[in-house]
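As structure tokens, the structure follows; a few thoughts come after it.
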Amino acid sequence: MKQPRKIQRLLDDVLADATSADFSEAVLERTLRQARRRQRIRRSRQTVLIVAVLAALVFWLWPRERAALIQAAKDSPRVLPAINFVETLPLPPGMMVDTRAGLVAMIPTSLATLSLVETLPASELFQQLNDNQLLALVAGQPIALVRYGPHDATVVMSEEILGTGSRLE
């Protein structure tokens with residue numbers, strides 16, 4: 001690995017012969033020209049931005065004709081008509097609804113022929129069994145109660161019970 005000092009000295013020796021005063025002056029002139037150009041561009045951007053902001057302010061604050069028209073409409077007195085006329089016409093005969101007695105057949109009834117029909121609430125249609133009551137109903141038959149969770153269970157019966165169609169009562 002070479003030391004940085006040796007490399008720097010070598011570069012200084014090589015470049016010292018090749019560089020002339022004209023070259024150094026040309027490089028300096030070019031650098032200054034680029035710096036001035038950047039400064040001009042920066043100033044022109046700032047100027048354009050300031051002009052744009054001022055134009056927006058002038059446009060925003062300039063009185064508009066539309067605002068003047070709205071104000072004129074608000075200031076003008078409203079003229080309401082003194083009398084409003086409403087015109088009504090009778091309906092044509094085809095649009096009239098007619099009712100007549102005797103068009104609907106009446107069915108005579110008495111209290112003796114009436115029967116009251118009512119529905120029972122769902123809680124009275126069946127009785128819920130707990131696990132012990134269910135197992136007591138199927139005592140002596142091959143059956144299993146499989147639990148999947150605290151409120152989820154399945155009754156497993158043999159094919160024999162299902163095939164005979166035994167009814168649990």
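The values are calculated or read from the model by the stated rules, or taken from the named source; none is laboratory data. Keep in mind the model is a prediction, meaning the values are calculated, not measured. Every residue, glycine among them, receives a Cβ derived from its backbone with ideal geometry; neighbour counts consider all protein chains shown.
Scanning the range 2-12 finds one or more residues that are surrounded by fewer than 10 Cβ atoms within 10 Å (Cβ to Cβ) and modelled with pLDDT of 75 or more. Within the range 19-62, being hydroxyl-bearing (Ser, Thr, Tyr) and either part of a helix (DSSP H, G or I) or loosely packed, with under 10 Cβ neighbours inside 10 Å (or both) holds for SER20, SER24, THR31, SER44, THR47. How many residues does the range 94-124 contain that are among the β-branched types (Val, Ile, Thr) and modelled with pLDDT of 80 or more? The number of residues fulfilling the criteria is 4.
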